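Engineer: My questions will all concern the structure given below.
The values are calculated or read from the model by the stated rules, or taken from the named source; none is laboratory data. Not measured: the values here are computed from a predicted model. Glycine also receives a Cβ, built like all others from the backbone with ideal geometry; neighbour counts cover every protein chain displayed.
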Amino acid sequence: MEKKIKIALLKGDGIGIDVAEAAKVVIDQTLETKKITQFDYYEIKTGAKYYQKTGLDIEPGGEEMTEQCDAILLGAIGLPSIRTAEGTEIMPHLRLRERMDLYAAVRPVRVYSNSTQRLIDPRAEKIDLIILRENTEGLFYTASTSGRSQIANDYEVRETLRITRSNTEKLHRFAFRLAEKRKEQGKNALLTCVDKANVFKSMAFFRKIFDEISIEFPAIETSYNHVDAQALDMIRRPWEFGVLVMENIFGDILSDLGGGIIGGMGMAPCAEIGDHNALFQPSHGTAPDIMGQDLANPLAGILAGSMMLDYLAEKFDDQSLADCSKMIDRNIERGFHEERLRPYELGGDMGTRAITEEVIALICEADR
Ligand code: ATP
């Protein structure tokens with residue numbers, strides 16, 4: 001490929017810095033192994049520490065620069081100890097989501113062999129589903145930094161859950177296409193609309209649009225589940241689901257539950273995708289309780305990097321990048337299978353650096 005791909009790198013705070021660096025070195029090694037031109041990284045200063053120093057949550061021009069790149073790799077942003085005058089944490093990434101209209105957050109929940117399983121049922125080995133979280137509206141429409149709360153005083157706070165037709169149509173189409181892709185790969189492609197349509201008009205609207213879009217995809221099997229029942233089913237029978245599409249706050253909560261059933265948040269990557277750009281990050285936060293101790297599991301960040309390669313492969317119609325993505329995924333699978341990946345997070349004996357080095361070793365060996 002002639003074009004040099006531009007990646008915005010936003011490491012952020014806490015373990016975000018470590019896992020973003022881990023993702024970058026694994027990507028660089030994989031490109032080198034496959035003899036593909038290295039990416040150009042543009043590191044953008046952002047995060048709570050940066051805010052504490054400068055009063056800005058992202059460097060001047062950083063949002064524009066990020067938008068001009070072909071994809072964004074992010075660690076995690078925010079520290080509970082550093083707050084704005086209103087008492088909330090800084091969240092420049094929420095602005096980036098809105099600015100680039102990254103409406104679809106794809107969060108795979110997948111069990112690897114020999115990795116910790118929190119569920120006793122042997123069928124839990126088969127968990128391989130995707131939580132598709134709406135990413136720009138829902139209850140996050142009035143997220144603290146948006147300044148959109150209708151009432152916010154010492155007697156009452158009132159916030160809005162927003163569902164728009166234009167965004168929801170795009171989200172559901174994305175969900176059906178994802179289910180189609182999974183069907184092609186021979187995976188469970190059941191698409192479930194997760195909502196609370198029995199109680200809220202907004203949710204009945206969300207489901208109505210799901211039904212309308214489903215007519216365009218007759219080959220995809222669909223079902224519905226109320227979000228509370230879905231929380232129960234994430235424990236009772238998660239192996240029966242393929243793709244779960246839902247409103248923003250529901251996706252926020254259920255994806256942590258998803259991270260929990262597959263061992264921990266360090267196993268949960270996330271891709272936030274829009275029509276023109278996409279951001280890749282682990283689903284977890286900055287984990288201040290373990291930062292600076294080499295305890296973080298970098299695999300969610302590394303798997304997010306692999307999702308970025310897959311996205312770029314499609315964006316630039318370049319099969320070699322898709323091969324790189326598969327190479328990372330396959331070697332993480334192999335690493336668990338051969339018990340060479342044993343993160344502390346899952347009760348093992350390997351920290352951030354050791355896991356990253358082992359993933360690189362697996363990739364280099366696989367190429368020999
Ligand atoms: P946010 O709201 O920003 O998502 P959070 O408050 O949900 O953050 P996380 O930072 O995601 O919190 O961490 C939740 C828990 O999971 C913490 O106990 C943390 O130590 C643990 N954790 C998160 N990510 C990892 C990781 N990569 N490796 C090991 N443990 C992790």
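Engineer: Give me the pairs, please: first residue somewhere in region 68-97 and within 16 Å of residue 277 (Cα to Cα), second residue anywhere and basic (Lys, Arg), beta-carbon distance under 7 Å, and either six or more positions apart or on two chains.
Structural biologist: 69/6; 70/6; 70/315; 73/24
Engineer: Another question about this same structure. Output the residue which, of all residues in region 211-231 that are among the hydrophobic types (A, V, I, L, M, F, W, C) and in a loop (DSSP other than H, G, I, E, B), is surrounded by the most Cβ atoms within 10 Å (Cβ to Cβ).
Structural biologist: So in region 211-231, the residues among the hydrophobic types (A, V, I, L, M, F, W, C) come out as 213, 215, 217, 219-220, 227, 229, 231.
With in a loop (DSSP other than H, G, I, E, B) added as a condition, the list becomes 215, 217, 219-220.
On the way: 215: 7, 217: 17, 219: 9, 220: 20.
Only one residue tops the list, namely 220.
Engineer: Let me ask another. For region 180-210: of the residues being closer than 13 Å to residue 132 by Cβ and in contact with a Leu (Cβ under 6 Å, 6 or more places away or on another chain), which is surrounded by the fewest Cβ atoms within 10 Å (Cβ to Cβ)?
Structural biologist: 192
Engineer: Is it fair to say residue 75 is within 20 Å of the chain's Cα centre (by Cα), in the same structural domain as residue 281 (by TED's automatic domain parsing), surrounded by 21 or more Cβ atoms within 10 Å (Cβ to Cβ) and in a strand (DSSP E or B)?
Structural biologist: yes
Engineer: Sticking with this one: For residue 51, are the conditions met, namely being assigned to a strand (DSSP E or B), at pLDDT 95 or above and farther than 30 Å from residue 234 by Cβ?
Structural biologist: Criteria not met by residue 51.
Engineer: If only one of 221, 212, 247 is in contact with a Gly (Cβ under 6 Å, 6 or more places away or on another chain), acidic (Asp, Glu) and not assigned by TED's automatic domain parsing to the domain that holds residue 297, which one is it?
Structural biologist: 247
Engineer: So which residues in region 125-165 are of a type in the set (Lys, Arg) and under 30 Å from residue 113 (Cα atoms)?
Structural biologist: Residues satisfying the conditions are 126, 133.
Engineer: Regarding residue 292, is this residue modelled with pLDDT under 95, surrounded by fewer than 22 Cβ atoms within 10 Å (Cβ to Cβ), closer than 26 Å to residue 126 by Cβ and not hydrophobic (A, V, I, L, M, F, W, C)?
Structural biologist: Against the criterion (modelled with pLDDT under 95, surrounded by fewer than 22 Cβ atoms within 10 Å (Cβ to Cβ), closer than 26 Å to residue 126 by Cβ and not hydrophobic (A, V, I, L, M, F, W, C)), residue 292 does not qualify.
Engineer: Among (1) under 23 Å from residue 58 (Cβ atoms); (2) not assigned by TED's automatic domain parsing to the domain that holds residue 249, there is one condition residue 106 misses while meeting the rest; what is its number?
Structural biologist: So residue 106 meets the others, but not (1).
Engineer: Among the candidates 345, 272, 314, 339, single out the residue that is charged (D, E, K, R), touching a helix residue (DSSP H, G or I) at 6+ places or on another chain (Cβ under 9 Å) and either surrounded by fewer than 18 Cβ atoms within 10 Å (Cβ to Cβ) or over 21 Å from residue 76 (Cα atoms) (or both).
Structural biologist: 314
Engineer: Also, quick follow-up: Take the residues in region 272-282 that are more than 14 Å from residue 94 (Cα to Cα) and more than 7 Å from the ligand (Cβ to nearest atom); name whichever of them is nearest to the chain's Cα centre (by Cα).
Structural biologist: Looking at residues that are more than 14 Å from residue 94 (Cα to Cα) and more than 7 Å from the ligand (Cβ to nearest atom), I get 277.
Engineer: Would you point out which residue out of 80, 108, 122 is under 30 Å from residue 261 (Cα atoms) and buried (at least 17 other Cβ atoms within 10 Å of the Cβ)?
Structural biologist: Going through 80, 108, 122 in turn, just one is under 30 Å from residue 261 (Cα atoms) and buried (at least 17 other Cβ atoms within 10 Å of the Cβ): 108.
Engineer: Oh, and also: Those residues that are more than 20 Å from the chain's Cα centre (by Cα), part of a helix (DSSP H, G or I) and at pLDDT 95 or above, I need them from region 131-179; list them, please.
Structural biologist: Selection gives 165, 166, 169.
Engineer: Which condition does residue 68 not pass, out of (1) surrounded by 14 or more Cβ atoms within 10 Å (Cβ to Cβ); (2) more than 16 Å from the ligand (Cβ to nearest atom); (3) closer than 28 Å to residue 173 by Cα, if it passes all the others?
Structural biologist: (1)
Engineer: Next question, about the same structure. Check 305, 292 and return the single one that is more than 8 Å from the ligand (Cβ to nearest atom) and more than 18 Å from the chain's Cα centre (by Cα).
Structural biologist: Result: 292 is the single residue among 305, 292 that is more than 8 Å from the ligand (Cβ to nearest atom) and more than 18 Å from the chain's Cα centre (by Cα).
Engineer: If residue 34 meets every condition in (1) surrounded by 18 or more Cβ atoms within 10 Å (Cβ to Cβ); (2) among the charged types (D, E, K, R); (3) under 25 Å from residue 327 (Cα atoms); (4) modelled with pLDDT under 95 apart from one, which number is that one?
Structural biologist: (1)
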